[in-house]
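The values are calculated or read from the model by the stated rules, or taken from the named source; none is laboratory data. Keep in mind the model is a prediction, meaning the values are calculated, not measured. Backbone-built Cβ (ideal geometry, glycine too); neighbour counts: all protein chains shown.
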Amino acid sequence: MSARSNTLLLGLAALIVAAPLILNPDAPFGGTDDAARDVVASANPDYKPWSQPLWQPPGKEMEGLLFALQAAAGAGLLGYVIGRRHGRSDK
């Protein structure tokens, strides 16, 4: 791929990420865990969770950071494995 194609794809990815924030800046962007909890609570008000988290992060920012680190570690591992397999097939 050429540098121009890479720049175009990077700009398109940035636009896709920024579009929801630009088009609807006051939207409540919540997580799926919170949405699922609300749906379960509205369907069955007497429901009691049968498990609790082992550790609760001190804030939403820390929770987001840990999620991003987990995603980056998974992507790095996947990229490493794919790169090793691709490199092995070239020999």
task: From (1) part of a helix (DSSP H, G or I); (2) among the hydroxyl-bearing types (S, T, Y); (3) surrounded by 10 or more Cβ atoms within 10 Å (Cβ to Cβ), pick out the condition that doesn't hold for Y47.
output: (1)
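Here is a yes/no grid of residues against (1) surrounded by 10 or more Cβ atoms within 10 Å (Cβ to Cβ); (2) in a helix (DSSP H, G or I); (3) among the β-branched types (V, I, T); (4) at positive phi:
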residue	(1), (2), (3), (4)
L8	yes, yes, no, no
L21	yes, yes, no, no
A27	no, no, no, no
R37	yes, yes, no, no
V40	yes, yes, yes, no
W55	no, no, no, no
L65	yes, yes, no, no
G83	yes, yes, no, no
- prompt: Going by the conditions given, is G74 in a helix (DSSP H, G or I), surrounded by 10 or more Cβ atoms within 10 Å (Cβ to Cβ) and at pLDDT below 85?
  reply: no
